[in-house]
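Report on one structure; see the data block that follows.
What follows draws every value from the coordinates through simple rules; no lab data is involved. Predicted model, so just to flag it, every value in this text is computed and none were measured. Don't worry about glycine lacking a Cβ; one is built from the backbone with ideal geometry, like all the others, and counts go over all protein chains shown.
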Amino acid sequence: MKECVIVDGVRSPNFRAHAEKGWARNLRIDEILTQVYDGLFARHTKFKPEDVDAVFCGSANQSGPQADIARLGWLAGGYPESVATCSLGQQCPSAMAAVEFGARTIINGEADIIIASGAEDMLIGRRGGGGGMDMAPRLAQRYNVADFPMGMTAEKVGTMWNVNKTDAHKMAYYSNKAAAAAQAAGKFKDEIIPIKGCVKDDGTPFVCDQDQWVRPDVSMEKMEAMQPAFKPGGLVTAAGSSPLTSGACAALLMSRDKADELGYDYHLKYVFGAMAGCDPTVMGIGPLYAAQKLLKRTGKTIKDIDVWELNEAFGTQAVAVCRELGLGKEPPFENVNLWGGALALGHPLGESGGRIIITLNNIMKKDRPDAKYGVCFLCGGFGNANASLWQNVNKS
Ligand SMILES: CC(C)(COP(=O)(O)OP(=O)(O)OC[C@H]1O[C@@H](n2cnc3c(N)ncnc32)[C@H](O)[C@@H]1OP(=O)(O)O)[C@@H](O)C(=O)NCCC(=O)NCCS
């Protein structure tokens, strides 16, 4: 068995997916993905694109411009036809599945260099370019499908796990504060590829190098005054939800042998991935089960994990997961989302599982070089969840 290390990871800024206010509103998602690949290859001259064994790309919505985006996005970017590609869909954990699939391929000795990417534009459906979903009518015999929309699942998780609106807003508050501090300190600089072709709200063109949604001036008072977004009298507001977002990311994975041969300095290796399923009407609690499975199968406890990156789909689910896992009673949860989470940074669905791995790598390299283990975990629509364990290669 080989070892798989993450040599590098890059991403676009996360853009608001809004037809008038989104800074990337004039760009197709495949164009953003190409700019991310171009940025990655510009940093790496020790090998060529044709040396890549395979490119995996995850998206939640596998239609419109995201239909087989691994292949079509790669070819549209002018990259070599000889490189194999594979599109993956696991709802929000899609890009995490791409990284895990890539890491396992390397560990199995089937590849030495893999690009594991993710891309999602939540404007697609609204632009009219995405296909609709045709859900099996029989699901209605098994579930109350009115509970399937993501916002409704966040309401139900809040009610079932006793998370109130204020708890959810505290999660959003600390997320924005941490993200704003990280942004101001330039901590995302190494992972963000500046994207050309962006436009400001007023149409002024610019090259964008920072996440659009982060609110340094976030206020508990303002958030508490907001109306529920999904159901009358509900717990979940726009502030307690990750926003509609678009973005792309790419992680460069290598066998440790190959990385050593090429003279790379790397920090994390992939240890283990655990997928878990749960009731789709409370999909947001899924990361709890994925993390518990990961800990059990690797013989670790929460005390062994130094840094956690939890995708904050909604404030209610993020608080419920952290509490039930034993990471604390209320936000801010210790060692969780040190540079902020999706409530502030945004959540381009199937891209986020890759984004949090790339950010974890940078957090552990720059801010927590003594940390041994980090876990990334997230929920996914219809009850899929995924968690992955990473280890500092300098700590045995
Ligand atoms: C909640 C939701 C419906 C709101 O969508 P929307 O009505 O288009 O609203 P926006 O997100 O644009 O926010 C509405 C307003 O509230 C404001 N707002 C949002 N968060 C805020 C905060 N923390 N503080 C102050 N204002 C805030 C926004 O700025 C916006 O006003 P603006 O347009 O003047 O800037 C949408 O964000 C959503 O569906 N989120 C969940 C996405 C999802 O399901 N993801 C999958 C998870 S598994």
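With the cut-off at under 11 Å, measuring from each backbone N in the stretch 172-203 to a point 7 Å along the Cα-to-Cβ line of Lys21 picks out 201. In terms of distances greater than 29 angstrom between alpha carbons, the cross-link table entries Lys222/Lys372; Lys177/Lys293; Lys21/Lys189; Lys231/Lys303; Lys2/Lys395; Lys196/Lys231 yield Lys222/Lys372; Lys177/Lys293; Lys231/Lys303; Lys196/Lys231.
Using Cβ point charges alone (K and R +1, D and E -1), the dipole size of the stretch 278-396 about the Cα centre works out to roughly 420 debye.
Label reach from Met1 (point 7 Å along Cα→C-beta): in the stretch 296-319, amide nitrogens under 15 Å belong to 297-300. Each residue in His18, His169 was given a count of other beta-carbon atoms within 10 angstrom of its own, and listing them fewest first yields His18, His169.
Are there any helices in the chain, counted as whole DSSP H runs, that stretch 20 Å or more along their axis by Cα and score at least -0.5 on average by Kyte-Doolittle, and if so which?
Values: long enough: 29-43 (22 Å, 0.30); 165-184 (28 Å, -0.66).
Once both thresholds are applied, what remains is 29-43.
With pairing defined as another cysteine C-beta under 4.7 Å, the cysteines of the chain that fail it are Cys4, Cys57, Cys86, Cys92, Cys249, Cys278, Cys322, Cys376, Cys379.
Out of Cys376, Cys198, Cys57, any idea which swings most in a Gaussian network model of the chain, alpha carbons joined below 10 Å? In this elastic network of the chain, the residue with the biggest mean-square fluctuation among Cys376, Cys198, Cys57 is Cys198. The stretch 259-337 gives an Rg/Rh value of 1.05, both radii derived from C-alpha positions and Rh following Kirkwood. The fewest-to-most ranking of Thr45, Thr245 by surrounding Cβ atoms within 10 Å reads Thr45, Thr245.
Taking 0.36 nm per residue of sequence separation and removing the Cα-Cα distance, the Glu334/Glu110 pair yields an extension gain of 76.8 nm.
Simple point charges give the picture: +1 on the Cβ of Lys and Arg, -1 on the Cβ of Asp and Glu, and for the chain a dipole about the Cα centre of about 720 debye. Taking amide H as placed 1.01 Å from N in the peptide plane, Phe188 has no amide H partner under 5 Å among residues 5 or more places away or on another chain. Taking Ala97, Ala19, Ala136 as the candidate residues, the one with maximal mean-square fluctuation in a Gaussian network model of the chain, Cα springs under 10 Å, is Ala136.
Across Gly78, Gly89, Gly346, mean-square fluctuation computed from a Gaussian network of the chain (C-alpha pairs under 10 Å connected) peaks at Gly78. Note on the chain: dipole from Cβ charges, positive end direction compared against Ala344, Tyr79, Met254; the farthest Cα belongs to Ala344.
Based on the alpha-carbon gyration tensor of the stretch 81-191 and its eigenvalue square roots a ≥ b ≥ c, which shape applies: rounded if a/c is under 1.5, prolate if not and a/b is larger than b/c, or oblate? It would help to have the intermediate numbers written out before the result.
Details: a/c = 1.93, a/b = 1.17, b/c = 1.65.
Oblate shape, in that a/c is at least 1.5 and b/c is the bigger or equal ratio.
Under the classification rounded if a/c is under 1.5, otherwise prolate if a/b is larger than b/c and oblate if not, where does the stretch 2-152 fall, given a ≥ b ≥ c as square roots of the Cα gyration tensor eigenvalues? Numbers along the way, then the final one.
Values: a/c = 2.26, a/b = 1.45, b/c = 1.56.
Oblate is the answer for the stretch 2-152, as a/c is 1.5 or above yet b/c matches or exceeds a/b.
Ranking Phe206, Phe47, Phe314 by Cβ neighbours within 10 Å, fewest first, what do you get? Present the calculation step by step, with values, prior to reporting the outcome.
Values: Phe206 13, Phe47 17, Phe314 32.
Ranking Phe206, Phe47, Phe314 by Cβ neighbours within 10 Å, fewest first, gives Phe206, Phe47, Phe314.
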